[in-house]
Structure formats: C-alpha cells, structure tokens
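To start, the structure itself, in structure tokens.
The values are calculated or read from the model by the stated rules, or taken from the named source; none is laboratory data. None of the values given here were measured: they were computed from a predicted structure. Here the Cβ is made from the backbone with ideal geometry for all residues, glycine too, and neighbour counts use every protein chain on show.
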C-alpha cells in the first residue's frame, strides 16, 4: 500500500516478472510456429486457436499487480493450459478433437 496522497504517485509492481514475460513471449513464438502446421487450419479448432492467441496477448500486456489482476491471470493461465493441451494433441499428435476433449475433461475435472 502506498503512503502518498495521489494515486499517480503510487507505483504498483508489474503482474509478471521479466522472466515470466520472456516465458510468455517464448510461448507466443511456439504458438506462431504451431500455426504453420497444416492441421492448424482444421475448421473445428479455429475458435480454440483464436482464444489461445487472445489469452497470450492478454498475458503479455502485463498490467499492474493487483489482487484482481492476479485472479484474472490465474483464470487465464488455467484456460491457456487446457487450450495448449488440446491444440497440441489435435495438431501435432493428430488426435480427433472430440476424443481429446473427452480425455482432457476427465483429466482436469
């Protein structure tokens, strides 16, 4: 908590450290490489791809470390992990989306 009288004088720590931000940027590079795979164009996974791209961009924004932002980041990270698992299995392992969704929902429920 800041002891100054104006909010502009109060500097909050960033949500992500430089190391965490670099890790997210690495995930974006891997995501972009994954999108070049021929199976990344499957129509049934386009919404999942869009969502993962948005989540990675949101994480990169790296706002101030507030309780609300930490909670949001936790939710986004859980969703990101699920989407990564699904997309890797469908695109690289060539599993069917329906089968992957069932398996992943069993794993994470």
Exactly one of 22, 50 is exposed (fewer than 15 other Cβ atoms within 10 Å of the Cβ), modelled with pLDDT of 95 or more and in a helix (DSSP H, G or I), and that one is 50
Members of the range 83-104 that are surrounded by fewer than 11 Cβ atoms within 10 Å (Cβ to Cβ) and at negative phi: 93, 98
Output the number of residues of the range 56-68 satisfying the condition of being under 14 Å from the mean Cα position of the chain (by Cα) and surrounded by 14 or more Cβ atoms within 10 Å (Cβ to Cβ). 4
Pairs only if they're at least six apart or on different chains, beta carbon under 7 angstrom, first in the range 84-109 and in a loop (DSSP other than H, G, I, E, B), second surrounded by 15 or more Cβ atoms within 10 Å (Cβ to Cβ); list them, first residue then second. 95/89; 108/82
